[in-house]
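We did not get these values from a lab; they are worked out from the coordinates using the rules stated. These figures come from a predicted structure and were not determined experimentally. So basically every Cβ, Gly included, is an ideal-geometry build from the backbone, and we count neighbours across all protein chains shown.
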């Protein structure tokens with residue numbers, strides 16, 4: 001049986017994990033440079049983590065366009 005390819009790199013999932021920890025602790029901020037308000041939802045925290053991983057050039061699929 002063939003191995004399933006990962007959509008996200010392991011290091012990208014670490015970035016998301018770190019962002020989730022910050023969210024649970026209550027220190028995660030949104031916006032450029034963390035100048036926005038407090039992160040209020042899990043989805044928002046995951047999106048921020050993936051965005052940070054993309055900026056670092058890690059293996060993360062591009063954002064879905066509407």
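Data table
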{"read-out": "Spin-label proximity, residue 9 to the range 46-66 - amide N less than 17 Å from point 7 Å beyond Cα toward beta carbon", "value": "49-63"}
{"read-out": "Protection-proxy order for peptides 8-21, 52-65, each taking the mean of Cβ atoms within 10 Å per residue, highest first", "value": "8-21, 52-65"}
{"read-out": "Helical mean residue ellipticity (222 nm; -39500 (n - 2.57) per DSSP H run of 4+; nearest 500) of the chain", "value": "-15000 deg cm²/dmol"}
{"read-out": "Kirkwood hydrodynamic radius of the chain, from inverse mean 1/r over distinct Cα pairs, in Å", "value": "12.7 Å"}
